[in-house]
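Only one structure is covered here, and it is reproduced in the block below.
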Amino acid sequence: MDTSHLYRLNATEAARAIAAGEVSAEQVVRSCLERIREVEPAVLAWQFLDESHALAQARARDADRAEGRPCGPLHGVPVGVKDIIDTADMPTEDGTPLHAGRTPDHDASVVTALRAAGAVILGKTVTTECATYTPGKTRNPHDGTRTPGGSSSGSAAAVAAGMVPLAIGTQTNGSIIRPASFCGVYGFKPTFGLIPRHGILKVSRSLDTVGLFARSLDDLALAVEPLVGHDERDPDTKPRARMPFTSTLASPPPMPPRVAFVKTPRWDRAEPSTREAFAELAGALGDACEELEMPPSWAEAWEWQRCIMEAEMAFNLDAEWERGRDRLSPALRQQLERGRSIAALDHQRALARIPRLLEALEDWFARFDAIVTPATPGVAPPAETTGDPSFCTFWSLTGLPALSLPLMNGPGGLPLGVQLVGARSRDARLLRTARWLQGRLAG
């Protein structure tokens, strides 16, 4: 195998090559580090990176293989981890000066699972301030004047720039789907509660979800399978049988899928080029696609999501507010001020709406395999913002699994993601439907 550009391997290819002995984990990691040295000055995706520590992990993975010890599905694969996710051997600073120099004593559950699967934790990727809206330093790899999105900005940009084949992020509103769309990579927000969140900065218990960025659907299936599980320290997870992501993705759909095209009540925010692109997409899908309209009452869901998120954010960031509000950005201070003024009754009423929405959505998923909708209003806007998450909000509120697929380009050739949403806990089927969609559009 040509080892001169190993950073170009996706996660699946790297895992196979390492398992077959064609390359070593150290060679793959060295190639990624060389790529980082080349492009990081322009992209600024990393908050913490220690090359010697990354290489030491890779050598340990190679020693495990050489000595016949068990190797997991991600053995030797480099992974970037969002800097709100605890790592015992690296700082976790949460994008705020209030947590500068913070090094946890223990790994987050998802990091423990990654290490058990054999992954090399390459470093910590940039997050926006406390995983909210104030941008970090990262720039979009396709155009340095534009945002990579947020809050998982560094994770999306690192994968898009070829620095790492796989990265972990989180989503409370649009923090995986939006940056995946802007950066032109695959982004996956699983069903709420599928991946444990213990050891991750808590923004909103009712909404926070761990997800992934990758270069292919195969990568997403490979990586998410060992991360799913129950952790008693995360009360929103539950015991469940192993979910067969890779085998489900590899199998053909038992029946030709049908998808619903849903504009949502935020369609007025879609840019003209986005409207045109999705009209063409729906036309290309023909009778496999039917347009559906949300009931008028669902338009209030965006306010319910804001109420839940800001009330819980104010509670979870109360210590930061009390000891250092003057060091928080004006945007975050305003969010926390609003959250602190939300009545408990309004918060509980908003939460009570979620089961009703899910019950109604069951009727949709009885007829359709997935929902197609924009991931973002358009291509990445200027770097002063992280972009509009409104096309993600409803699906984050309801906890449904969602994908951003890099299938389109907008003005200037910049990436424009297609969002595919599935029924709750049918994540593997959603990946399979996404593969069908890609094949259908490829003709």
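The values are calculated or read from the model by the stated rules, or taken from the named source; none is laboratory data. What you see is a predicted model, and the numbers here were worked out from it, not measured in a lab. Note that each Cβ is placed from the backbone with ideal geometry, even for glycine, and that neighbours are counted across all protein chains shown.
Is there any pair with a first residue in the stretch 415-443 that is within 18 Å of I195 (Cβ to Cβ) and a second that is small (G, A, S) and not in a helix (DSSP H, G or I) whose Cβ atoms are under 7 Å apart and which are 6 or more apart or on different chains, and what are they?
Pairs that qualify, where the first residue is within 18 Å of I195 (Cβ to Cβ) and the partner is small (G, A, S) and not in a helix (DSSP H, G or I), are V421/A370; V421/A402; G422/A370; R424/G399; R429/G422; L430/A370; L430/G422.
Quick one: count up the residues across the stretch 354-392 that are among the hydroxyl-bearing types (S, T, Y), crowded, with 19+ Cβ neighbours inside 10 Å and either in a loop (DSSP other than H, G, I, E, B) or in contact with a His (Cβ under 7 Å, 6 or more places away or on another chain) (or both).
Of the residues in the stretch 354-392, 2 are among the hydroxyl-bearing types (S, T, Y), crowded, with 19+ Cβ neighbours inside 10 Å and either in a loop (DSSP other than H, G, I, E, B) or in contact with a His (Cβ under 7 Å, 6 or more places away or on another chain) (or both).
Suppose we filter the stretch 222-260 for residues that are under 25 Å from E290 (Cα atoms) and either modelled with pLDDT under 95 or not β-branched (V, I, T) (or both); how many remain?
10
If you go through the stretch 1-39 one residue at a time, how many are assigned to a helix (DSSP H, G or I) and of a type in the set (G, A, S)?
Selection size over the stretch 1-39: 7.
Please indicate, with yes or no, whether at least one residue in the stretch 227-238 is in contact with a Lys or Arg (Cβ under 8 Å, 6 or more places away or on another chain) and part of a helix (DSSP H, G or I).
No, there is no match, as no residue in the stretch 227-238 is in contact with a Lys or Arg (Cβ under 8 Å, 6 or more places away or on another chain) and part of a helix (DSSP H, G or I).
Which one of these does K238 not meet: (1) touching a Gly at 6+ places or on another chain (Cβ under 8 Å); (2) within 26 Å of S206 (Cβ to Cβ); (3) buried (at least 18 other Cβ atoms within 10 Å of the Cβ)?
Result: K238 passes all but (3).
I'd like to check something: does the stretch 296-304 contain any residue that is more than 30 Å from F261 (Cβ to Cβ), assigned to a helix (DSSP H, G or I), of a type in the set (G, A, S) and modelled with pLDDT of 95 or more?
No, the conditions are met nowhere in the stretch 296-304.
Considering only residues that are assigned to a helix (DSSP H, G or I), more than 17 Å from G95 (Cα to Cα) and among the aliphatic types (A, V, I, L, M), which ones fall in the stretch 329-353?
Within the stretch 329-353, A344, L345, A350, L351, A352 qualify.
Out of curiosity, is A42 in contact (Cβ under 8 Å) with a residue 60 or more places away in the chain, in a helix (DSSP H, G or I) and over 28 Å from T128 (Cβ atoms)? Working first, answer last.
Details: in contact (Cβ under 8 Å) with a residue 60 or more places away in the chain: yes; in a helix (DSSP H, G or I): yes; over 28 Å from T128 (Cβ atoms): no.
Answer is no for this residue.
Could you grab me the full set of residues in the stretch 416-443 that are modelled with pLDDT under 95 and among the hydrophobic types (A, V, I, L, M, F, W, C)?
L441, A442 - these are the residues of the stretch 416-443 that are modelled with pLDDT under 95 and among the hydrophobic types (A, V, I, L, M, F, W, C).
Do we find a residue being among the β-branched types (V, I, T), more than 19 Å from P41 (Cα to Cα) and surrounded by 21 or more Cβ atoms within 10 Å (Cβ to Cβ) anywhere in the stretch 132-145?
Let us first name the residues in the stretch 132-145 that are among the β-branched types (V, I, T), namely 132, 134, 138, 145.
In the following step, the residues that additionally are more than 19 Å from P41 (Cα to Cα) were identified as 132, 134.
From what is left, the residues that are surrounded by 21 or more Cβ atoms within 10 Å (Cβ to Cβ) are 132.
Yes, the stretch 132-145 contains a residue that is among the β-branched types (V, I, T), more than 19 Å from P41 (Cα to Cα) and surrounded by 21 or more Cβ atoms within 10 Å (Cβ to Cβ).
For the stretch 256-284, enumerate the residues that are of a type in the set (A, V, I, L, M), crowded, with 17+ Cβ neighbours inside 10 Å and in contact with a helix residue (DSSP H, G or I) (Cβ under 9 Å, 6 or more places away or on another chain).
Passing the criteria: V259, A260, V262, A270, L281.
Among residues belonging to the stretch 110-135 that are over 27 Å from A311 (Cα atoms) and part of a helix (DSSP H, G or I), point out the one that is farthest from the chain's Cα centre (by Cα).
Across the stretch 110-135, the extreme among qualifying residues is A116.
Of the residues T246, T274, which is of a type in the set (S, T, N, Q), in a helix (DSSP H, G or I) and within 30 Å of I200 (Cα to Cα)?
After ruling out the rest, the residue left standing is T246.
Kindly indicate which of T172, T112 is at pLDDT 95 or above, touching a strand residue (DSSP E or B) at 6+ places or on another chain (Cβ under 8 Å) and within 20 Å of R233 (Cβ to Cβ).
Values: T112 fails: touching a strand residue (DSSP E or B) at 6+ places or on another chain (Cβ under 8 Å).
When all the criteria are applied, what remains is T172.
Answer yes if at least one residue in the stretch 88-109 is under 18 Å from the mean Cα position of the chain (by Cα), at pLDDT 95 or above and in a helix (DSSP H, G or I), and no otherwise.
Scanning the stretch 88-109, I find at least one residue that is under 18 Å from the mean Cα position of the chain (by Cα), at pLDDT 95 or above and in a helix (DSSP H, G or I), so the answer is yes.
Go through (1) out of contact with any Asp or Glu (no Cβ under 6 Å at 6 or more places or on another chain); (2) surrounded by 24 or more Cβ atoms within 10 Å (Cβ to Cβ); (3) touching a residue at least 40 places away in the same chain (Cβ under 8 Å) one by one and return the number of the condition R233 breaks.
(2)
Identify the residue in the stretch 157-188 that is more than 12 Å from the chain's Cα centre (by Cα) and either part of a loop (DSSP other than H, G, I, E, B) or charged (D, E, K, R) (or both) and, among all such residues, is surrounded by the fewest Cβ atoms within 10 Å (Cβ to Cβ).
G162
Please determine whether any residue of the stretch 136-155 is in a helix (DSSP H, G or I) and under 24 Å from R435 (Cβ atoms).
Looking for residues that are in a helix (DSSP H, G or I) and under 24 Å from R435 (Cβ atoms), one finds at least one in the stretch 136-155, hence yes.
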